[in-house]
């Protein structure tokens with residue numbers, strides 16, 4: 001009986017240890033943010049900034065082109 | 001419009017970088033977790049800086065071989081945008097390190113300040129800072145161009161020990177150091193797999209092209225300003 005109990009305990013401990021190792025095997029990621037779609041909000045914000053930045057640079061480019069034309 | 005295709009390319013690549021960089025699958029890594037996506041932004045700043053400094057270095061050599069002031073203006077502005085990218089790389093690096101070096105590996109500020117990668121990068125940026133100080137201290141245009149072109153070659157040469165060699169020889173928390181089991185900060189990084197490469201390489205090109213675009217704007221403005229001096 002004692003022997004059976006001991007081996008049972010060993011199996012349970014082994015399973016628990018396994019679970020701990022398994023939990024450490026998978027680093028945490030922002031999966032919730034992805035599953036509820038909030039990540040698209042971040043993408044939208046970043047894209048707005050990026051597009052705005054490019055429009056700004058483009059306008060400066062056009063202005064300089066005009067200046068170059070006037071100077072020649 | 002035909003010679004502006006690379007500006008559109010830069011725009012499209014950076015859109016792809018932001019969308020793909022935030023949405024596409026990345027390897028699941030300890031400590032780094034989701035911050036591995038910073039690879040598309042932080043590391044690209046440094047790559048962009050190196051490429052812009054290389055262009056600046058080439059224009060400095062070109063200046064010294066013909067003493068055309070036009071090349072000096074090119075060298076100066078590429079170095080300026082390169083330094084700006086370097087400062088952005090440093091700033092983003094501090095944010096990233098704050099969350100991955102300090103908290104997860106129980107590192108104190110003291111050990112962070114001893115990082116050879118940070119010291120090396122700071123030295124490199126300060127050397128380039130001295131380049132602009134040197135330029136500002138001359139009143140004679142030809143002398144300014146000549147001395148700063150020679151100094152620029154020295155500054156580029158100093159990049160080799162300060163950011164490419166020494167950080168790879170001594171232990172550091174930064175990827176690429178001997179202690180971190182990876183040979184190269186980004187290209188041969190053991191954690192960089194094909195999923196990261198698919199966005200990382202285009203991102204480097206995209207950010208660099210944006211830097212080149214801004215540099216050409218500065219150059220064109222300077223050329224208009226100095227038109228009377230250039231005798232063209």
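Projected label points at residue B:130 and residue A:32, each 7 Å from Cα along the beta carbon direction, are separated by 5.1 nanometres. Annotation: for a label point projected 7 angstrom from Cα along Cα→Cβ of residue B:141, residues of region B:65-101 with backbone N closer than 14 Å are B:67-74. For the pair residue A:58 and residue B:150, label points projected 7 Å from Cα toward Cβ lie 4.6 nm apart.
The slack between residue B:5 and residue B:201, meaning 0.36 nm per residue of separation minus the straight C-alpha distance, is 68.7 nm. For chain B, the longest principal axis of the Cα atoms and the long axis of helix B:69-97 meet at an angle of about 20 degrees. To the nearest ten degrees, helix B:116-136 and the longest principal axis of the Cα atoms of chain B are 10 degrees apart. Note on residue B:94/residue B:67: beta-carbon distance plugged into 1/(1 + (r/R0)^6) with R0 of 41 Å gives a FRET efficiency of 0.50.
The order of B:154, B:53, A:54, going from fewest to most other C-beta atoms within 10 Å of their C-beta, is B:154, A:54, B:53. Along its first, second and third principal axes, ordered by size, region B:7-95 spans 53, 30, 16 Å in Cα coordinates.
Roughly what angle does helix B:5-23 make with the longest principal axis of chain B, taking Cα atoms, 0 to 90 degrees, to the nearest 10? Rounded to the nearest ten degrees, it is 20. Our summary gives chain B a relative contact order of 31 percent, counting only alpha carbon pairs under 8 angstrom and 6 or more residues apart.
For the residues of B:202-215, the average number of beta carbons from a partner chain within 10 Å of their own beta carbon is 1.
Can you give the mean number of other chain Cβ atoms that lie within 10 Å of the Cβ atoms in peptide B:28-35?
Counting other chains' Cβ atoms within 10 Å and averaging over B:28-35 gives 3.
Peptides B:10-17, B:223-230 ranked from most to least packed, by the mean per-residue count of other Cβ atoms within 10 Å: B:10-17, B:223-230.
Counting only other chain Cβ atoms within 10 Å of each residue's Cβ, the peptide A:45-51 averages 4.
Rule-based calculations on the coordinates, nothing more; no lab input. This one's a predicted model, so the numbers in the text were calculated from it and none came from an experiment. Note: ideal-geometry Cβ built from the backbone for every residue, glycine included; neighbour counts use all protein chains shown.
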